[in-house]
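The values are calculated or read from the model by the stated rules, or taken from the named source; none is laboratory data. Owing to the predicted nature of the structure, the values given are computational and were not obtained by experimental measurement. As a convention, Cβ positions derive from the backbone with ideal geometry for all residues, glycine included, and neighbour counts pool all protein chains shown.
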Amino acid sequence: MKKSKGFTLMELMIVVSIIGILATVALPIFQSYIVKSQAMIALSEISSGKVGFEVSVNNGGTPSLVPSELNFIGITTNSSLCNIEVTSTKIKCTTKNGNADKFDGKVILLTRNSSSGTWNCTSDLDDEYKPKGCI
């Protein structure tokens with residue numbers, strides 16, 4: 001009598017079931033990490049303009065996102081994850097190209113306190129996705 005080699009159908013079904021259960025649990029966790037990393041990238045995209053912003057404001061100018069203007073702060077209106085706007089006290093990122101319901105259309109806002117020169121970060125992202133330091 002030949003000895004059987006390989007897996008039975010029942011063993012294969014159990015393995016497939018276990019893989020399915022693990023994927024069901026892991027996928028939402030993985031998507032959460034993606035949104036968190038997209039939020040950190042978006043914050044770093046606008047944070048890179050803080051130095052140019054400070055130079056512009058300290059020289060009495062109005063910060064600009066147009067490269068040909070004198071008070072250009074070093075970032076442009078469109079980046080990979082942000083539509084960027086700038087005012088005399090704020091750098092605003094309206095998120096795009098991310099997880100549609102958890103990331104896109106949200107706002108990350110850097111606000112400069114003109115009396116102290118410090119920056120505050122606020123965001124309307126869900127608390128679990130906000131970058132560290134943002135409220």
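Values as computed for the structure displayed
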read-out: Number of the condition not met by Gly98 [criteria: (1) touching a strand residue (DSSP E or B) at 6+ places or on another chain (Cβ under 9 Å); (2) surrounded by 12 or more Cβ atoms within 10 Å (Cβ to Cβ)]; value: (1)
read-out: Residues that are in contact with a Cys (Cβ under 8 Å, 6 or more places away or on another chain) and modelled with pLDDT of 90 or more, drawn from region 112-133; value: Cys121, Thr122, Ser123, Leu125, Pro131
read-out: Residue among Gly74, Gly133, Gly60, Gly117 that is among the small types (Gly, Ala, Ser), over 17 Å from Ser44 (Cβ atoms) and out of contact with any Asp or Glu (no Cβ under 8 Å at 6 or more places or on another chain); value: Gly60
read-out: First in region 1-15 and at pLDDT 90 or above, second anywhere and part of a loop (DSSP other than H, G, I, E, B) and surrounded by 10 or more Cβ atoms within 10 Å (Cβ to Cβ), Cβ under 9 Å, 6 or more apart; value: Val15/Phe7
read-out: Check on Ile135, free of Cβ contacts under 8 Å to residues at least 60 places away in the same chain and in contact with a Gly (Cβ under 6 Å, 6 or more places away or on another chain); value: no
read-out: Of residues in region 82-95 being among the charged types (D, E, K, R) and over 30 Å from Phe30 (Cβ atoms), the one surrounded by the most Cβ atoms within 10 Å (Cβ to Cβ); value: Lys90
read-out: From Ser32, Ser115, residue being in a loop (DSSP other than H, G, I, E, B), out of contact with any Leu (no Cβ under 9 Å at 6 or more places or on another chain) and over 15 Å from Cys134 (Cβ atoms); value: Ser115
read-out: Failed criterion for Asp104 (all others in (1) surrounded by 15 or more Cβ atoms within 10 Å (Cβ to Cβ); (2) in a loop (DSSP other than H, G, I, E, B) hold); value: (1)
read-out: Scope region 24-41; condition in contact with a strand residue (DSSP E or B) (Cβ under 9 Å, 6 or more places away or on another chain) and surrounded by fewer than 10 Cβ atoms within 10 Å (Cβ to Cβ); matching residues; value: none
read-out: Candidate set: region 54-81, residues that are crowded, with 16+ Cβ neighbours inside 10 Å and closer than 30 Å to Ala100 by Cβ; chosen: the one nearest to the chain's Cα centre (by Cα); value: Leu81
